[in-house]
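Enquirer: The structure that follows is given in the form of structure tokens.
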Amino acid sequence: MFGNPVEKSDVMSRLMSVLFPPTCVLCGAPGIASGGGRDLCPSCAAELPHNRDCCPQCAVPFVSSMPAGTRCAACQRHPPPFETSLAAFRYEAAIPALVVGAKFRGRLNLVRVLGQCLADRVREVDPPRPQVLLPVPLHASRLRTRGYNQALEIARVVGRDLALPIDHVSCIRIAPTPPQAGLDERARHRNIRGAFLVPGVLPWSHVAILDDVVTTGSTVAEFSRVLRKAGVRRIQVWAVARTP
């Protein structure tokens, strides 16, 4: 009946919206129905802490508005091994609860919401599009314990929304590092050193690393260094949230 795959997908999306209307994950009110549906109501969506005034290289939030293109003092002193970063939100207000639910409690509806919001932020900034998305990998032991990699699941949503492919097999995490939470910046750098491996040379010259939260940037920096050695020349970082 419908020969076009895109047409089939549109019909399925409309059908799912009728059977399971979007509901705000924060207050329970009807969600946004347009654009395939969003499990956020307009009021809650407007109150989320968007990260627009930030360093263009590491996405750390600025205390006050700065001229466009202004990099933070840390990036000026020690430029990280990636060119640009964007994060949809500051890690505050409702965002920690959404991230924790998506990361540790298997709330795939929250994964979908966070991925949609990140895709919105990418469209807003409109950076040069990478050839592929590379979600930050989990070590096999943690993947078995958690059952899924939240960065990969968010990447699936972003990739679908932006029509970008995902590579989650070429880069692996070889060290079962302790969680970064609770460590200071220096300890985080030590903890993550040597954690990633890219066997051989990657076919990609321009990639976007995707993660849920960037705190000090040590994880994405270490991942970027490994990607550089594997032949990647241009690296962006895309994240749901950035801590101050």
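The values are calculated or read from the model by the stated rules, or taken from the named source; none is laboratory data. Please read these numbers as outputs of a predicted model, since none were measured by experiment. Don't worry about glycine lacking a Cβ; one is built from the backbone with ideal geometry, like all the others, and counts go over all protein chains shown. Quick note on the areas: whole protein, heavy atoms, side chains included, nothing else; ligands and nucleic acids left out. Shrake-Rupley method; radii C 1.70, N 1.55, O 1.52, S 1.80 Å.
Enquirer: Subtract the Cα-Cα distance of ARG123 and PHE62 from 0.36 nm times their separation in residues, and report this length gain in nm to one decimal.
Expert: Stretched out fully, the ARG123 to PHE62 stretch lengthens by 19.8 nm.
Enquirer: How big, on average over all directions, is the shadow cast by the Cα convex hull of the range 72-212, in nm²? Can you show the working numbers first?
Expert: On the way: hull surface 37.7 nm².
The Cα convex hull of the range 72-212, projected and averaged over all directions, gives 9.4 nm².
Enquirer: Provide the gained length on full extension for the span ILE174 to TYR148, in nm with one decimal, where the gain is 0.36 nm per separating residue minus the Cα-Cα distance.
Expert: 7.7 nm
Enquirer: Taking Rh as the Kirkwood radius computed over C-alpha pairs, what is the Stokes-Einstein D of the chain at 20 °C in a medium of viscosity 1.002 mPa s, expressed in µm² per second?
Expert: 114
Enquirer: Also, I was wondering about something else. Rounded to the nearest 5, what % of DSSP beta bridges with both residues in the chain are antiparallel?
Expert: Percentage antiparallel, nearest 5: 25.
Enquirer: Another question, if that's okay. What translational diffusion coefficient, to the nearest whole µm²/s, does the range 110-178 have by Stokes-Einstein, given a Kirkwood radius computed over alpha-carbon pairs, a temperature of 4 °C and 1.567 mPa s viscosity?
Expert: 100
Enquirer: Moving on. Given 0.36 nm per residue, what is the gain on full extension from ALA140 to ARG234 after removing their alpha carbon distance, in nm? Don't jump to the answer; show the numbers that get you there.
Expert: Working: separation 94, 0.36 × 94 = 33.84 nm, distance 2.74 nm.
Stretched fully, the ALA140-ARG234 segment lengthens by 31.1 nm.
Enquirer: Report, to the nearest whole %, how much of the accessible area of the range 106-244 belongs to carbon and sulfur atoms, 1.4 Å probe, protein only.
Expert: Working: 3290 of 6160 Å².
Heavy-atom surface of the range 106-244 belonging to carbon and sulfur, 1.4 Å probe: 53 percent.
Enquirer: Just to confirm, what accessible area per residue do you get for the chain at 1.4 Å probe, in whole Å²?
Expert: Here the per-residue accessible area is 51 Å².
Enquirer: Still on this model: Report the percentage of all Cα-Cα pairs in the range 32-109 whose separation exceeds 21 Å, rounded to a whole percent.
Expert: On the way: 1327 of 3003 pairs.
Distances greater than 21 Å cover 44 percent of the Cα pairs.
Enquirer: For a label point 7 angstrom out from the Cα of ASP53 toward its Cβ, which stretches of the range 205-244 have the backbone nitrogen within less than 15 Å?
Expert: Correct set: 244.
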